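Participant: This structure is in structure tokens; I'll ask about it shortly.
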Amino acid sequence: MSAAIQPYTLLDDEDCESRILAARKTLGERLVILGHHYQRDEVFRHADFTGDSLKLSRQAASSKADYIVFCGVHFMAEVADILSRPDQVSILPDMSAGCSMADMADLQNVERAWQELSEVLDTEQTITPVTYINSAADLKAFCGKHGGIVCTSTNARHVLEWSFKQREKVLFFPDQHLGRNTGYPMGIALDEMVVWDYDQPLGGLSVAQIQKAKIILWKGFCSVHQMFQPDQIDNFKQKHPETKIISHPESSFEVCQKSDYIGSTEYIINTIANAEKNTRWLVATELNLVNRLHEQFKHEGKNVHFMSPNVCMCSTMFRIDPQHMAWVLENLVDGHVVNQISVPVDVAFQAKLALERMLDVSP
Ligand code: 13P
Ligand code: SF4
């Protein structure tokens, strides 16, 4: 029988640290730990590979390890399960580490939207469904089944370009901001990107709005990235006019329009890493990453600041803690798999189609 989590919750972080290190040593190459950039340092330091969603998906697809322990959120561990071999095991140390944005679109609502849109348009001929990777596996399967595709914040532009080659319109879910911030620099006007409110009949839109739209954006958002506001940029720049602004595309359109650079977590890291010494950065993304960047580059005179005056972390990413890590790893040493993420085979098959289309068009 597997050991219960309860006794582990009483351990302090140092105890967990030594137990994690010992378990990793015993498991050797049978284990790979993947860590998203938003993970807290006590967890992040144990990752064999770190990255944004795209990079970690590729790592999961190419890993040879028996066990893939994903320090991230639920949809990431699902992607690891879908892209890895059937005999590999994907594990999420805390099952409650979800993504509140991903939860804003569910299959029932998306199927209803597709049905309602089909009363206005021939959906299969005119709309490519595109799901942000921050979504449940059954939504990726929906895209696989309907000729659609998955995107991440790194490849969203390539994915939209591919999508418009297939069909004239895109239904983009769940993050309206990533959709809008990607569509606008492609020359799509704001009034050609309408928001589908899933609580209203026909998404709260008129038939004319739907017919005119190039992108139908789902009414979803990331609560962490909604903390960032354009006036925070203005106020900061008044004190430090030389500051460069860099934002994740889950931030609002207004924040992104005031930013010098927009991109994924990996892009943000690389841009600051490759910047000139003695530069100042105001960053719109999750706090753990921004703090780590500041610590990493302060010796080069780079000042990296968090955009919002309020402390704001991704609370679900934060659920992965050293206690849960020690728990899942010691169970693996004892031959027990706890917290396996296993996507049903039929869902995984269709979802993989949409993920593979994404990997094919990604730079
Ligand atoms: P990245 O793919 O840029 O790491 O983004 C994932 C995410 O959830 C950002 O909120
Ligand atoms: Fe989801 Fe936002 Fe957390 Fe990213 S930061 S995992 S989008 S809730």
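The values are calculated or read from the model by the stated rules, or taken from the named source; none is laboratory data. Just so it is clear, the structure is predicted and the values come from calculations on it, not from any experiment. Note: ideal-geometry Cβ built from the backbone for every residue, glycine included; neighbour counts use all protein chains shown. Areas reflect the complete protein model, heavy atoms only, side chains present, ligands, DNA and RNA absent. Shrake-Rupley method; radii C 1.70, N 1.55, O 1.52, S 1.80 Å.
Participant: When the residues of segment 143-154 are narrowed to those that are open to solvent by 10 Å² or more (accessible area, probe 1.4 Å) and touching an Asp or Glu at 6+ places or on another chain (Cβ under 9 Å), which ends up nearest to ligand 1 (Cβ to nearest atom)?
Facilitator: Applying the first criterion (open to solvent by 10 Å² or more (accessible area, probe 1.4 Å)) to segment 143-154 yields 145-147, 153-154.
Then drop every residue that is not touching an Asp or Glu at 6+ places or on another chain (Cβ under 9 Å), which leaves 146-147, 153-154.
Details: His146: 24, Gly147: 24, Ser153: 4, Thr154: 6 Å.
Applying the filter and picking the extreme gives Ser153.
Participant: So, one more: Going through segment 262-286 one residue at a time, which ones are under 19 Å from Asp234 (Cβ atoms) and either more than 13 Å from ligand 1 (Cβ to nearest atom) or touching a Leu at 6+ places or on another chain (Cβ under 8 Å) (or both)?
Facilitator: Result: Arg280, Trp281, Leu282, Val283.
Here is a yes/no grid of residues against (1) assigned to a helix (DSSP H, G or I); (2) touching a residue at least 24 places away in the same chain (Cβ under 8 Å):
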site: Arg292; (1), (2): yes, yes
site: Glu295; (1), (2): yes, no
site: Met325; (1), (2): yes, yes
site: Leu329; (1), (2): yes, yes
site: Val337; (1), (2): no, yes
site: Val347; (1), (2): yes, yes
site: Leu355; (1), (2): yes, yes
site: Met358; (1), (2): yes, yes
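Participant: While we're here: With respect to Ala213, is the statement that it is at pLDDT 95 or above and either buried (at least 16 other Cβ atoms within 10 Å of the Cβ) or within 16 Å of ligand 1 (Cβ to nearest atom) (or both) true?
Facilitator: Criteria met by Ala213.
Participant: When you scan segment 262-285, how many residues do you find that are within 23 Å of the chain's Cα centre (by Cα) and either surrounded by fewer than 17 Cβ atoms within 10 Å (Cβ to Cβ) or part of a helix (DSSP H, G or I) (or both)?
Facilitator: Summing the residues that are within 23 Å of the chain's Cα centre (by Cα) and either surrounded by fewer than 17 Cβ atoms within 10 Å (Cβ to Cβ) or part of a helix (DSSP H, G or I) (or both) in segment 262-285 gives 9.
Participant: Every residue in segment 97-126 that is assigned to a loop (DSSP other than H, G, I, E, B) and away from ligand 2 (no atom under 13 Å from the Cβ), please.
Facilitator: Within segment 97-126, Asp106, Glu119, Val120, Leu121, Asp122 qualify.
Participant: Could you identify the single residue in Asp87, Asp66, Asp81 that is open to solvent by 10 Å² or more (accessible area, probe 1.4 Å), farther than 18 Å from Val347 by Cα and not small (Gly, Ala, Ser)?
Facilitator: The unique qualifying residue is Asp66.
Participant: If a residue has to be charged (D, E, K, R) and surrounded by 15 or more Cβ atoms within 10 Å (Cβ to Cβ) to count, how many in segment 314-363 make the cut? I'd like the intermediate steps shown before the answer.
Facilitator: The initial filter retains those residues of segment 314-363 that are charged (D, E, K, R), namely 319, 321, 330, 334, 346, 352, 356-357, 360.
Applying the additional criterion that residues be surrounded by 15 or more Cβ atoms within 10 Å (Cβ to Cβ) yields 319, 321, 330, 352, 356-357.
Qualifying residue count for the region: 6.
Participant: Restricted to segment 90-125, and to residues that are touching an Asp or Glu at 6+ places or on another chain (Cβ under 7 Å) and surrounded by 16 or more Cβ atoms within 10 Å (Cβ to Cβ), which residue is nearest to Leu329 (Cα to Cα)?
Facilitator: Going through the qualifying residues, I end up with Ser90.
Participant: Give the residue that is nearest to Leu332 (Cα to Cα), with candidates limited to residues of segment 1-37 that are among the β-branched types (Val, Ile, Thr) and open to solvent by 70 Å² or more (accessible area, probe 1.4 Å).
Facilitator: The residue in question is Thr26.
Participant: Only one of Gly204, Gly187, Gly179, Gly183 is without any contact (Cβ under 8 Å) to a residue 60 or more places away in the chain, under 19 Å from Ser153 (Cβ atoms) and away from ligand 1 (no atom under 16 Å from the Cβ). Can you tell me which?
Facilitator: Numbers: Gly204 fails: under 19 Å from Ser153 (Cβ atoms); Gly187 fails: under 19 Å from Ser153 (Cβ atoms); Gly179 fails: away from ligand 1 (no atom under 16 Å from the Cβ).
Only one candidate passes the filter, namely Gly183.
Participant: While we're on this one: On the phi > 0 side of the Ramachandran plot and either in a helix (DSSP H, G or I) or more than 16 Å from ligand 2 (Cβ to nearest atom) (or both), is that true of Asn288? Talk me through it step by step, then tell me what you get.
Facilitator: Working: on the phi > 0 side of the Ramachandran plot: no; either in a helix (DSSP H, G or I) or more than 16 Å from ligand 2 (Cβ to nearest atom) (or both): yes.
No: the conditions fail for Asn288.
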